[in-house]
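What follows is one structure encoded as C-alpha cells, with my remarks underneath.
The values are calculated or read from the model by the stated rules, or taken from the named source; none is laboratory data. Model, not experiment: these values are computed from the prediction. Backbone-built Cβ (ideal geometry, glycine too); neighbour counts: all protein chains shown.
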C-alpha cells in the first residue's frame, strides 16, 4: 500500500469516507462526526499539504491528517512550546477494518513527525467515545487530560477534547511513502 498526499479532487472521496465512518459510529451508538464537515475547510487542509491517503491500488483504504497546527483551546501555552504534530481524522474504510491500518498510519505519523523535528504526536479524540480512547491508548498514546469547556472552531460545543500524546520516533510502518519530505518545525532542535 502507498501513502500519497491528498489532492483537491479527493475532497468528495474524503467526505464520503467521513460519512461512512459516521454511519458506522452511529450504529455503535456514538454521535461522533454526526455533523457534516465543511468541504471548503477540508479543501484548505488538503491545499496546506496536511491530508494523506493510503491507497491499495486504485482503492483508498484509509486517510489521516497530520498537521503542525493545534486546535485552539486544547493545549496549554507550555505544551505548545514543545515541537509537536497533531493527528486528525484518521479513518479506515470499513472493507479494510481489522488489518491494523490505523495503527500503522499512527506509526507513519510518528515517523513523519520525528523527521520534522517533533517531540510529540498529539491528538484530541471524541470525549464520549471510550472505545476510541482505548484504541489510542493501545497504540502507545498517553492520556493527558479532557477539555470540556469552550467551543469548537465551528462554534458548536466542544465534543472532541480527550487529549493524548505519543513520542515522535522513527517507525517501520511498512507502507511505500510517496509524500514529500516534511518541513522542519519552527521549534525543532
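Numbers at a glance
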read-out	value
Meets criteria (within 21 Å of residue 170 (Cα to Cα), touching a helix residue (DSSP H, G or I) at 6+ places or on another chain (Cβ under 9 Å) and modelled with pLDDT of 90 or more) for residue 67	yes
From 54, 105, 90, 43, residue being out of contact with any strand residue (DSSP E or B) (no Cβ under 6 Å at 6 or more places or on another chain) and surrounded by 15 or more Cβ atoms within 10 Å (Cβ to Cβ)	43
Residue that is modelled with the lowest pLDDT, among those in the range 158-189 that are touching a strand residue (DSSP E or B) at 6+ places or on another chain (Cβ under 7 Å) and within 14 Å of residue 125 (Cα to Cα)	158
The range 92-109, residues that are within 20 Å of residue 172 (Cβ to Cβ) and outside any helix (DSSP H, G or I)	92, 99, 100
Any chance residue 123 is buried (at least 20 other Cβ atoms within 10 Å of the Cβ), modelled with pLDDT of 90 or more, under 16 Å from the mean Cα position of the chain (by Cα) and closer than 19 Å to residue 73 by Cβ	yes
Close pairs (6 angstrom Cβ cut-off, 6 or more residues apart or separate chains): over 24 Å from residue 112 (Cβ atoms) in the range 1-24, surrounded by 13 or more Cβ atoms within 10 Å (Cβ to Cβ) and modelled with pLDDT under 85 anywhere	22/33
Matching residues, the range 110-144, being assigned to a strand (DSSP E or B) and closer than 15 Å to residue 184 by Cβ	none
